[in-house]
Amino acid sequence: MTTRSDPTKILEERYFVATNEVKKDGGKSVLRKLSKTQIDWLNTIVDRRESLKAVLTVLITSLTIKLDNPHQDIRLHKEEFQGGYSGRTYDTKYVTPFMKARFHRLAMKESGWLTRSIEQPHPFNRQFPGKIRDERVKDAFLRILEDIEEHEGQPDQYLTALFILLINQTADTSFLHSIAVGSRDATINRIMSGLEKHFYAKYKAAGASRLPVVAIYSIYQCLVAENTRYKDKRLLPLRSHTTSDFRSKGIGDIELVNTDEEFFEGVEIKHMIPITAQLVEDAFDKFQDKPVKRYYLLTTAEPCISTGEQEKIKSVIQRIEITHGCEVIVNGIMPSLRYYLRLLNNPALFLKRYSQNLEAEFSDSTDIKEEHLREWQSLRERIAVTD
């Protein structure tokens with residue numbers, strides 16, 4: 001498919017119109033041009049924008065292509081289809097770069113078509129077999145394309161309205177940049193109660209497994225500043241939750257190095273997965289050729305050790321200590337955090353670090369979702385009423 005104009009210009013023009021409409025009346029005058037059903041379809045996708053950002057990206061790509069080439073059937077998203085085009089190429093070249101500039105948190109790394117549920121050799125019609133996790137989102141996405149191709153739905157109205165809804169949602173999260181962080185009166189018991197509720201809450205979006213990682217990282221930031229064990233040691237920055245330890249040559253979720261930049265201590269964190277002897281073996285594979293002094297395997301699962309694995313784990317740990325010298329410690333997240341908090345001169349400093357790190361994660365990636373921050377905002381207010 002050859003483009004008839006500059007796709008980036010199309011995207012920027014629709015974004016510019018959406019921004020002005022939001023300033024004028026919140027975008028209501030544009031949204032009124034669409035039917036309630038059409039708005040419901042868009043809202044269904046926008047509501048799951050963080051968990052299913054590939055669908056959002058593919059929808060924006062499809063709408064842009066229709067504006068770029070009105071005669072193109074946007075359901076034919078592969079070149080091998082008769083009359084088809086390469087949606088992935090178009091997305092990679094134009095849409096994802098635009099998303100990174102305008103909606104950074106919602107941008108794919110390369111393309112929405114790299115997602116298996118999207119990358120299917122079938123047109124985007126009602127029979128599309130891709131297993132998009134939310135059936136309501138899948139149905140809304142396919143119905144929008146059908147509406148455009150079969151019922152004279154207007155792609156410019158859809159794209160402008162979609163941008164308005166996204167801009168409004170971004171504005172609605174502005175309070176998250178002022179999560180309360182101080183609290184001289186916060187007790188360890190209240191902090192632990194808040195963390196437990198935060199880790200185990202029922203969330204709609206994925207990403208809760210990142211919360212204990214951020215918590216342990218935050219407590220290490222405090223310990224490195226106070227504890228003599230970590231004098232002259234450096235805490236490495238958190239890597240993306242999806243980055244493989246083997247690919248990055250890392251040893252775990254949390255890593256400390258000494259002055260020679262050699263690994264000193266590591267922590268691997270599991271969410272709702274009991275520790276087994278095999279997990280200990282897998283961890284050893286990561287640090288067996290490194291001079292690590294201590295390695296923790298922590299989990300939010302209760303009990304923390306899988307049934308029948310206690311003696312096997314003990315045997316593996318003893319072997320590692322004899323052959324390597326590293327002390328491996330298996331424990332639950334909650335007792336570990338409680339112990340660490342007792343070592344701090346002021347446990348409230350942990351609250352500050354945790355709140356700030358959650359915000360940073362929210363801004364820099366999509367591991368932490370908006371609902372995770374909203375939940376923490378509410379819990380923080382209960383942990384300490386006075387600051």
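The values are calculated or read from the model by the stated rules, or taken from the named source; none is laboratory data. Computed from a predicted structure; not experimentally measured. Here Cβ is always computed from backbone atoms with ideal geometry, including for glycine, and neighbour counts include all displayed protein chains.
Overview of values
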| read-out | value |
| --- | --- |
| Filter pass, LEU63 being assigned by TED's automatic domain parsing to the domain that holds PHE128 and either in contact with a Gly (Cβ under 9 Å, 6 or more places away or on another chain) or closer than 22 Å to GLN120 by Cα (or both) | yes |
| Segments classed as helices (runs of 4 or more DSSP H), wholly inside region 1-59, with at least 3 members that are more than 30 Å from ARG116 (Cβ to Cβ) and outside the structural domain of ILE368 (by TED's automatic domain parsing) | 7-25, 28-31 |
| Residue match in region 62-69 (condition: touching a helix residue (DSSP H, G or I) at 6+ places or on another chain (Cβ under 8 Å), under 17 Å from GLN157 (Cα atoms) and of a type in the set (Asp, Glu)) | yes |
| Given (1) at pLDDT below 95; (2) touching a helix residue (DSSP H, G or I) at 6+ places or on another chain (Cβ under 9 Å), number of the condition LYS202 does not satisfy | (2) |
| Filter result (aliphatic (A, V, I, L, M) and surrounded by fewer than 21 Cβ atoms within 10 Å (Cβ to Cβ)) within region 351-365 | ALA360 |
| Residue list for region 212-242, restricted to those being under 15 Å from SER336 (Cβ atoms) and hydroxyl-bearing (Ser, Thr, Tyr) | TYR217, SER218, TYR220 |
| Residue among ILE333, ILE317, ILE368, ILE313 that alone is surrounded by 20 or more Cβ atoms within 10 Å (Cβ to Cβ), hydrophobic (A, V, I, L, M, F, W, C) and at pLDDT below 95 | ILE368 |
| Selected residue (only one of GLY112, GLY87 is buried (at least 17 other Cβ atoms within 10 Å of the Cβ) and in contact with a His (Cβ under 7 Å, 6 or more places away or on another chain)) | GLY87 |
| Any helices (runs of 4 or more DSSP H) falling wholly within region 62-165 and containing at least 1 residues that are polar (S, T, N, Q) and without any contact (Cβ under 8 Å) to a residue 24 or more places away in the chain | 87-90 |
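Condition check ((1) more than 23 Å from ARG75 (Cα to Cα); (2) not polar (S, T, N, Q)) across all residues:
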{"site": "GLU13", "(1), (2)": "yes, yes"}
{"site": "ALA18", "(1), (2)": "yes, yes"}
{"site": "LYS24", "(1), (2)": "yes, yes"}
{"site": "SER29", "(1), (2)": "yes, no"}
{"site": "THR37", "(1), (2)": "no, no"}
{"site": "ASP40", "(1), (2)": "no, yes"}
{"site": "THR44", "(1), (2)": "no, no"}
{"site": "ARG48", "(1), (2)": "no, yes"}
{"site": "LEU52", "(1), (2)": "no, yes"}
